[in-house]
Amino acid sequence: MDVVDLTPEPMECMRCHRDAPMRFYGLCTECRGELRDKYDRGTRVVEVADYEPKMNVTPNAVALKDD
């Protein structure tokens, strides 16, 4: 089995262009934190009606079908 080395390497941040240790190319830790703080909307409860399936055909329509 191949073992993948995921140790952080210095890479340029996509947003601020500073070098930071990252496992994958993307945003540095500081930029991720800033965006998370800026766009955090918090949690909320969404009321959803109970699911009731539509009855377009009767359940045994295929079994009762005449050939």
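What to note about this one:
- Peptides 16-25, 42-51, 2-11 ordered by average Cβ neighbours within 10 Å, highest first: 16-25, 2-11, 42-51
- Looking at the stretch 1-56, the accessible area is 103 square angstrom per residue; that uses a 1.4 Å probe and ignores ligands, DNA and RNA.
- Centre-to-centre separation between the Cα atoms of the stretch 33-57 and those of the stretch 11-30: 31 Å.
The values are calculated or read from the model by the stated rules, or taken from the named source; none is laboratory data. Owing to the predicted nature of the structure, the values given are computational and were not obtained by experimental measurement. No Cβ is skipped: glycine too gets one built from the backbone with ideal geometry, and neighbour counts run over all protein chains shown. The accessibility values were calculated without ligands, DNA or RNA, using every heavy atom of the protein model including side chains. Shrake-Rupley method; radii C 1.70, N 1.55, O 1.52, S 1.80 Å.
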